[in-house]
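Everything on this sheet refers to the single structure shown next.
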Amino acid sequence: MYPVISKTTIAPGISRLEVEAPLIAKKRKPGNFVIVMPVEKGERIPLTIVESDPENGTITLIVQAIGKTTHIINKMEAGDHFIDVVGPLGEPTPIKNVGTVVCVGGGVGTAVIYPMAKALKEAGNRVIGIIGARNREMVILKNEMADCSDELHITTDDGSYGLKGFVTDALAQVIDENKTIQSVYTTGPLPMMKAVAEQTRKFELHTMASLNPIMMDGTGMCGACRVSVGGELKFTCVDGPEFDAHKVNFNELIQRNKTYFNQEKKSLDAYNEKCKTRGANV
Amino acid sequence: MSERKRARNNGKANERVIHLKPPERMKIPRQQPIEKEPDYRVCNFEEVSDGFDVNLASEEALRCLECKDPVCMKACPVNIDIRAFIRLIYKKDYDSAIKKIRESNYLPAICGRVCPQESLCENVCLVGKRNEPLAIGKLERFVADYELKNGNFSPPEIKENKGQKVAVVGAGPGGLTAAADLAIRGYEVTIYEALHEAGGVLKYGIPEFRLPKHIVDAEVDRVKALGVKIETNVIIGRTLTIDELFDEMDFEAVYIGTGAGSPRFMNIPGENLSGVYSASELLTRVNLMKAYKFPEYDTPLKIGNRVAVVGGGDVAMDAARTSARLGPEVVNLFYRRSREEMPARIEEIHHAEEEGIHFHLLTNPVEIFGDENGWVKAIKCQKMELGEPDEEGRRRPVPIDGEYITMDADTVVIAIGQSPNPIIQQTTPGLKTTDWGTIIVDEIGATSREGIFAGGDISRGGATVIEAVSDGKRASRSIDEYLTEKKAVLKT
Ligand SMILES: Cc1cc2nc3c(=O)[nH]c(=O)nc-3n(C[C@H](O)[C@H](O)[C@H](O)COP(=O)(O)OP(=O)(O)OC[C@H]3O[C@@H](n4cnc5c(N)ncnc54)[C@H](O)[C@@H]3O)c2cc1C
Ligand SMILES: Cc1cc2nc3c(=O)[nH]c(=O)nc-3n(C[C@H](O)[C@H](O)[C@H](O)COP(=O)(O)OP(=O)(O)OC[C@H]3O[C@@H](n4cnc5c(N)ncnc54)[C@H](O)[C@@H]3O)c2cc1C
Ligand code: SF4
Ligand code: SF4
Ligand code: FES
């Protein structure tokens with residue numbers, strides 16, 4: 001059992017949970033993730049470890065409600081517990097001082113880019129942060145990102161906060177203004193990462209994307225998370241999750257992630273229906 | 001015979017208890033367990049074979065010749081005293097029969113079900129020279145099930161507490177056996193398991209209809225009853241390393257039984273289309289995550305109307321039969337050699353055929369086609385013929401130029417084998433491995449690093465449950481010797 005120590009809602013449908021998992025907290029490095037199963041009969045899903053506190057034995061997760069499992073997690077409160085949490089998984093982000101780096105996070109991907117940006121800053125890099133969201137309310141980790149960025153650009157689709165437009169618009173500007181960028185790191189929805197990769201390819205700018213395929217075990221045992229990178233077969237959970245964005249076959253991955261779309265939708269609808277009738281009963 | 005003489009004879013190993021002459025015994029036909037009808041069973045995940053009941057078991061036991069030199073026992077990788085336990089079944093002393101088996105094999109309900117008996121104990125049984133051999137596996141299963149049903153299990157006595165700690169990595173059959181054996185020898189044992197449940201392939205690979213999961217759980221509980229601790233959700237190499245087990249947690253020896261779970265793919269075009277699964281993914285979704293009960297359970301699985309399974313081993317049969325139970329119109333199985341070369345157990349090939357799986361032999365997939373949405377729509381295979389035998393004596397499949405078949409498929413399952421998962425090897429300095437990634441062990445199960453032992457699929461590549469069990473026993477003997485010696489050296 002892995003108790004939830006605290007829970008806050010940081011944006012509509014996005015919450016931050018501190019979960020007790022001492023062994024994982026001790027081992028975790030930036031870039032690592034966990035696989036969690038919130039309840040009996042539940043699904044195993046991957047979530048990035050945003051922060052860890054080895055002394056108190058806790059890890060921080062930021063979760064956006066998308067399907068049934070993430071909705072269940074979003075309803076959890078301090079005192080509830082996950083039945084299974086395993087990790088830390090994946091290869092940690094290789095952190096070196098290379099000079100100037102750009103960290104691009106979109107949507108809940110900001111929760112994935114933040115630990116990387118923080119580690120890159122601590123290693124002495126000049127960090128340019130770019131985070132994007134649909135609108136003002138959905139911008140997350142603004143202060144945290146500001147703390148670890150030398151420059152922070154925020155974009156919203158509707159212009160209700162920061163620059164109106166997409167992260168790629170901000171990135172175009174940043175690339176234009178900075179001739180010394182060494183690396184770009186990006187996480188977010190797949191179409192966004194693909195767009196970032198296309199953009200930086202033109203400048204031959206080294207770009208790493210942290211991928212989010214469907215996963216199950218997280219230990220290299222099922223192959224659900226396989227991706228084509230430079231024509232080679234890779235398992236994201238053990239070989240990644242970060243890969244050279246210019247080599248990733250994003251189209252294939254976007255297709256693969258739709259595999260269970262219909263079933264997941266049914267499952268979420270049934271869950272919401274149940275929650276509604278329950279709510280009506282009390 | 002006088003009472004006294006009988007009492008004396010009781011002590012003799014070879015006293016005959018079955019009062020039928022050998023030629024009469026030889027005439028009794030092999031008893032057949034009750035099996036569910038194929039039409040019924042393809043609609044559900046219930047166990048196919050009901051096994052023996054008391055009557056069938058008694059009748060079957062009657063067939064044993066009580067050989068002076070029981071060759072069956074030698075052919076069993078863990079040398080179960082088969083003659084003795086069959087004799088006890090004949091006497092209807094099932095409690096003693098199961099005790100006898102447990103002396104050599106701590107997972108009888110499992111091995112009795114999934115062991116390839118036809119090529120081990122039953123292959124050499126003398127009755128088989130004239131008639132069909134004894135159904136040794138079914139008898140083993142019978143007493144194990146009897147024990148489970150009647151609940152009169154008492155863990156073997158642990159004679160001394162050695163006061164030394166041993167860690168076991170992986171809760172598959174090998175790890176469970178090593179742990180049980182070490183606990184009985186008096187060690188304090190903790191198993192670390194990466195998944196959220198113990199059992200390894202028994203839990204996530206072998207389907208419910210061949211090995212019900214409550215049976216696996218019950219056997220795991222029997223291991224726990226010996227005082228073995230099982231820590232799930234711990235990946236050695238990630239959550240903890242082997243060096244930490246030694247240096248920070250005071251373990252004095254480690255057994256690695258992490259299996260060969262990493263699926264192989266064919267590297268043909270279209271293999272990453274939606275609807276293409278590794279057998280491991282399909283089976284894990286169904287067995288461990290219970291996708292066949294979706295949406296009661298949250299993990300989904302999408303099986304279309306035309307399933308194509310690639311491979312000819314046990315895993316391919318399990319994948320095909322599992323798919324068949326999820327409601328497709330047709331399940332096609334493609335294998336690149338002929339039927340004689342199929343590595344799957346005959347019983348399982350037979351069950352697959354009964355359940356309507358279509359076999360396409362001497363065909364090898366070369367490409368998978370997708371539709372405009374990236375979903376599988378067809379599979380193209382090249383026709384093969386058999387050429388010269390390879391090193392193992394199996395005839396090599398050779399492609400026939402220009403001969404292809406293409407069949408519609410909306411689900412493809414790749415079941416061409418598994419490789420060892422590399423996490424432990426990459427994170428344990430000094431651990432020697434082969435080019436295929438298996439851990440190298442010597443004849444006592446020791447690895448290249450002191451205090452670290454290994455066995456089962458991680459050292460053999462894909463093998464069998466009973467070989468993993470046998471390796472687990474060997475390693476526990478070796479660990480016992482190693483730690484006893486270590487203690488003695490420390491004392492002097
Ligand atoms: C390495 C890794 C790290 C991640 N870190 C985080 C994190 O820190 N915070 C967070 O909120 N999410 C993170 N994700 C994504 C998260 O795992 C998915 O949102 C989650 O699996 C959805 O589960 P569900 O049951 O709620 O939704 P489902 O019902 O499974 O999915 C709903 C819909 O979302 C789509 N989908 C399925 N899987 C994914 C996926 N992996 N990413 C995007 N869409 C998907 C499908 O098309 C599906 O129809 C991460 C994913 C990976 C692989
Ligand atoms: C579908 C299928 C059907 C089969 N059918 C049969 C059959 O009918 N008869 C037969 O005899 N054999 C069969 N086999 C083969 C048999 O299951 C294996 O040979 C046997 O299970 C090997 O046992 P093991 O103990 O070595 O490892 P496994 O059973 O593979 O167990 C290894 C365990 O270690 C865990 N693990 C892995 N890495 C780590 C780590 N780093 N840290 C912690 N834990 C870890 C895994 O999660 C797993 O639980 C089948 C195999 C498959 C896949
Ligand atoms: S464990 Fe396997 S080989 Fe040994 S007696 Fe049982 S069925 Fe036969
Ligand atoms: S070889 Fe066959 S007949 Fe002989 S003891 Fe073994 S089981 Fe009985
Ligand atoms: S999640 Fe199963 S292999 Fe990566």
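The values are calculated or read from the model by the stated rules, or taken from the named source; none is laboratory data. Note that the coordinates shown come from a computational prediction; the quantities given were computed from them, not determined experimentally. Cβ atoms come from the backbone with ideal geometry, glycine included; neighbour counts cover every protein chain shown. Accessible surface areas use protein heavy atoms only, side chains included; no ligands, DNA or RNA. Shrake-Rupley method; radii C 1.70, N 1.55, O 1.52, S 1.80 Å.
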### Query
Accessible area, 1.4 Å probe, largest first: how do B:E341, B:E388 sort?
B:E388, B:E341
### Task
Using a 1.4 Å probe on the heavy atoms of the protein chains only, list every residue of the range A:226-241 that has 30 Å² or more less accessible area in the complete assembly than in its chain alone.
A:R226, A:L233, A:F235, A:V238
#### Entry: Sulfur and carbon atoms: percent of accessible area, the protein assembly as shown [1.4 Å]
50
### Message
How large is the accessible surface of A:R44 in square angstrom, using a 1.4 angstrom probe and rounding to the nearest 10?
### Response
10
## Note on the structure
Result row for chain B, helices from DSSP H with C-alpha axial extent 27 Å or more and mean Kyte hydropathy at least -1.0, is B:465-491
### the protein assembly as shown, Cα convex hull volume normalised per residue, Å³
197
### Computed [θ] at 222 nm, helices only, for chain B once each DSSP H run of length n ≥ 4 contributes -39500 (n - 2.57)
-10000 deg cm²/dmol
### Message
When a/c reaches 1.5 or more, the comparison of a/b and b/c decides; with that in mind, is chain B rounded, prolate or oblate per its Cα gyration tensor?
### Response
oblate
### Task
Provide the packing ranking of B:351-363, B:320-332, i.e. peptides ordered by the mean count of other C-beta atoms within 10 Å per residue, highest first.
B:320-332, B:351-363
### Query
Tell me, what is the per residue accessible area of the range B:263-418 in Å², probe radius 1.4 Å?
40
#### Entry: Per-peptide average of other Cβ atoms within 10 Å, ordering B:432-441, A:105-114, B:96-105 highest first
A:105-114, B:96-105, B:432-441
### Query
Relative to the longest principal axis of chain A, what angle (0 to 90°, nearest 10) does the C-alpha long axis of helix A:110-122 take?
50
### Query
Under the definition of partner shielding as Cβ atoms of other protein chains within 10 Å of a residue Cβ, what is the mean value for peptide B:290-303?
5
### Task
Would you kindly find the accessible area of B:D95, with a 1.4 Å probe and non-protein molecules such as ligands, DNA and RNA excluded, rounding to the nearest 10 Å²?
70
### Query
Taking the Cα atoms only, what angle lies between the long axis of helix A:167-177 and the longest principal axis of chain A, rounded to 10 degrees?
20
### Summary
With the charge dipole of the protein assembly as shown built from beta-carbon charges (+1 for Lys and Arg, -1 for Asp and Glu) about the Cα centre, the Cα from B:N364, B:C67, B:V315 projecting farthest to the positive end belongs to B:C67
### Query
When you count, for each residue, the other Cβ atoms within 10 Å and take the mean per peptide, how do A:170-177, B:192-199, A:62-69, A:199-206 rank with the highest first?
B:192-199, A:62-69, A:170-177, A:199-206
### Query
If one takes the longest principal axis of the Cα atoms in chain A, at what angle in degrees, from 0 to 90 and to the nearest 10, does the Cα axis of helix A:261-281 lie?
50
#### Entry: Residues whose placed amide H lies under 5 Å from that of B:G199, excluding near-sequence neighbours
B:A171, B:G172
### Where the range B:11-150 is the region considered: accessible area per residue in Å², 1.4 Å probe
45
### Message
Let me spell out the model: positive unit charges on the Cβ of Lys and Arg, negative unit charges on the Cβ of Asp and Glu, origin at the Cα centre of chain B. What dipole size does that give, in debye rounded to 20?
### Response
2100
## Note on the structure
Note: A:209-221 gets an average of partner chain Cβ contacts (10 Å, Cβ to Cβ) equal to 5
### Task
Return the average number of partner chain Cβ atoms within 10 angstrom of each residue Cβ along peptide B:232-238.
6
